[in-house]
Every structure is written in C-alpha cells, then in structure tokens.
1. Output yes when any residue across the stretch 171-179 is on the phi < 0 side of the Ramachandran plot, assigned by TED's automatic domain parsing to the domain that holds residue 355, loosely packed, with under 14 Cβ neighbours inside 10 Å and more than 19 Å from the chain's Cα centre (by Cα), and no when none is.
2. Only one of (1) loosely packed, with under 13 Cβ neighbours inside 10 Å; (2) in a helix (DSSP H, G or I); (3) modelled with pLDDT under 85 fails for residue 237. Which number is that?
3. Run residue 74 past the list (1) in contact with a helix residue (DSSP H, G or I) (Cβ under 6 Å, 6 or more places away or on another chain); (2) in the same structural domain as residue 134 (by TED's automatic domain parsing) and report the number of the one that doesn't hold.
4. Helices (runs of 4 or more DSSP H) wholly in the stretch 260-326 with at least 3 residues that are out of contact with any strand residue (DSSP E or B) (no Cβ under 6 Å at 6 or more places or on another chain) and buried (at least 18 other Cβ atoms within 10 Å of the Cβ) - which ones?
5. Tell me, which residue of the stretch 13-69 that is in a loop (DSSP other than H, G, I, E, B) and touching a residue at least 40 places away in the same chain (Cβ under 8 Å) is farthest from residue 375 (Cα to Cα)?
6. Here is a list of conditions, (1) surrounded by 12 or more Cβ atoms within 10 Å (Cβ to Cβ); (2) within 30 Å of residue 197 (Cα to Cα); (3) under 26 Å from the mean Cα position of the chain (by Cα), and residue 362 meets all of them except one; can you say which number that is?
7. Being farther than 18 Å from residue 132 by Cα and not in a loop (DSSP other than H, G, I, E, B) is the filter here, so list the residues in the stretch 73-85 that pass it.
8. Checking the conditions here, which among 331, 340 is under 30 Å from residue 384 (Cα atoms), without any contact (Cβ under 8 Å) to a residue 40 or more places away in the chain and assigned by TED's automatic domain parsing to the domain that holds residue 207?
C-alpha cells in the first residue's frame, strides 16, 4: 500500500479543518462585534452597525445637515446669532433626536421651521433623519468631536450605571445637575449600587466562596468513597451520581421559602450554600473517579508507615489530584460566575453582573448601547480564566471518565 501523499492527507483532514475553522469563526465574530460596539460612541451605535468601522471614516450627519439646515444656519452653523449651532450651550439642549424633532415641529414666525425640504411626516422616518444631524451638531459645537471614533464612555456609563441624557463623563464635565443627582463625579461612583462596579464586587464575593466550598467538601467526600470502607458506600455514591439529573429549577421555590423562614433570604451565605449543594454531586463524582484511579500501592505504603486517613489525604491525595482540583475549580467558577437565575432569586438585594446587565436597560428601551460595555465587562473574567487554564478543562473531562 502506497503511503499517503501530502495532497491525500490534506483532503482527508479537510472536513476536520473546516469544522474547526467554522466553530472558531462563529465564536470570534460575535465577540469581536460586541467588543467593537462597546468602544463606539453612543450615536454611532444607534445609527450604524459595528462593521462600518472598517469603512473609510466620514463625518456622520454632514450630508443630512447640509440638506436640511445649512441653507439657513450656514455651513459652520453660526449664520443665525440667536440660534448659533456652533454654541455648545444651544446644542446641549437637544441631546437626542426626539427633543430636536419636538422643537422643529413648532412653527416659526414665518411658518414651518423646515420648508425646503420638509421633514418626513412619519415620526420614525423623521427621527432617522434627525439622529445623524444631532451627532453632527455635537461635532460642530465641540460637544462630541467626530475624531472620537472609539471611546471608553460606554464602559464608564456601565461601571457607574449612568442613564443620563448624554453620557456620564460629558455630563460630569458640563455639570448637568438634573441627571447627576445620585452621582458625585468621583471614584466613589464606581461603587454605586446602580452600576457594574458594585456588581463586580458582589460577583466576586459570591463566586469565590461558592467555588472553594464545593471543592473542599468534594475532596473529602471523594477520598472517603475511594479509599474508606463503610456500609452502603456504593449505594450512596450511586445516589449522588443520580442527583446530577435533578434540575435546580425544581428547588428554587421550596428553598426560597425555607430561606425566608430562617433569615437567609437575600444573603451571600444563602447563595453560597445553594451553589455548594448543587455543585457537590458532580464535584464528588469527578474527584472520586480521579482519586480512585491513584495507585493503591502508594496508600498501602503510607498506611504501613503509620499514616492515618487524614495524613494520607493531606500528604498524598491533595498533591496528586491538583489537576482535578484545578479543573473542578474552573468548571465551578464559570458556572457560578455566569449564573443568572439563582442570583436573581436568592440575591436580589445585591445584584451580580449577570443581573445588573438587565437592570441597565431603560424601561423605555433607551440607553441600550450601555449593554455592550456591560456585557463585555461581565464575561471578560471568565474569558481570562478559560484561556489561562484551558489545559485543565481537558484533564477535567478525562478525570471524570476514569474508571475507579
């Protein structure tokens, strides 16, 4: 049989390569789009897609301004002294297209404000025309320079939970008191309960103990199931394995009622216990299979030398099972960090990142551009953890498949 040539090997592996490339593209493109959107100015997010950043840069709204406004206000916006569009004080009164539309619908002394050409009669069509004009007016007056193609203002708004007329940094610079009632425009705003900064702290307080506690209890229980003889060991272990199929949604209402009765509702201790309880079945299963696969001779030698179970666990099991412990910690941490339902039910008074992202949505549907920065802030830590310790994921999967 002739050996495979390079061309034959290429076509034989082509389906695998195509599948890998497709999965990478499907994962990278949405993430890239979210990241680019989180760095774009507010009006740019509202008026165009993230892929437009790869096109040659043009001044947003210049064409619309010249069509509707330049004939009266001039190319530079300063032709009418009483309505100088290059004055930031005048333009700041119309931060959004709906406010500008309300003003333009009013008649002037000589008749309608816009005559040639008139604004579209349909409100949504008129807002589509005025939205880029608002952006251009802000550029013309220096409020929002067009050179700022990318900005960190969305992240600032998300961190402090700001839902003002413009953005947090701009309103702080201009001292817009009406929208800064809850803010001090200093570092203390990062820990305001409305923002992602405080939610980030809450998530760390929730996730770290909820990761450590299951690992500690699972390691102790796994050693007992693997190397200690007691009555009903196999039946109890089988029961634990079976508990993995129980959906946690079935227990939310009973445990929530129990927490209210014993005073754990809305506390970190309550959610630590919940995540620990539901994380233990899989954690014990994974750790027991890994510990059970260790060479029996090591433990027999330790027992002959007078070591008890505690010594064997601390001196032998823990060092040898570090890969399994690390992989289990990563699985548990990612699950707890990305959890929404449990945190929403049991920790409503201390919103975590996944819950706070939904709280940033304005009831009227405005300020949704903040969600891009907030979403990226919420999963940047899981991404770092995954890429830093991804080799342990494979070891963890293999550890769970070892026959003990």
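1. The answer is no, given that none of the residues of the stretch 171-179 is on the phi < 0 side of the Ramachandran plot, assigned by TED's automatic domain parsing to the domain that holds residue 355, loosely packed, with under 14 Cβ neighbours inside 10 Å and more than 19 Å from the chain's Cα centre (by Cα).
2. Going through the list (1) loosely packed, with under 13 Cβ neighbours inside 10 Å; (2) in a helix (DSSP H, G or I); (3) modelled with pLDDT under 85, residue 237 breaks only (1).
3. Failing condition for residue 74: (1).
4. Because the criterion is at least 3 residues that are out of contact with any strand residue (DSSP E or B) (no Cβ under 6 Å at 6 or more places or on another chain) and buried (at least 18 other Cβ atoms within 10 Å of the Cβ), the helices (runs of 4 or more DSSP H) in the stretch 260-326 that meet it are 268-292.
5. For the stretch 13-69, the residue satisfying everything is 69.
6. Only one criterion is unmet by residue 362, namely (1).
7. Result: 81, 82, 83.
8. Selected residue: 340, the only one of 331, 340 that is under 30 Å from residue 384 (Cα atoms), without any contact (Cβ under 8 Å) to a residue 40 or more places away in the chain and assigned by TED's automatic domain parsing to the domain that holds residue 207.
The values are calculated or read from the model by the stated rules, or taken from the named source; none is laboratory data. For clarity, every value in this text was computed on a predicted model and none was experimentally measured. Positions of Cβ are backbone-derived with ideal geometry, glycine not excepted, and every protein chain shown enters the neighbour counts.
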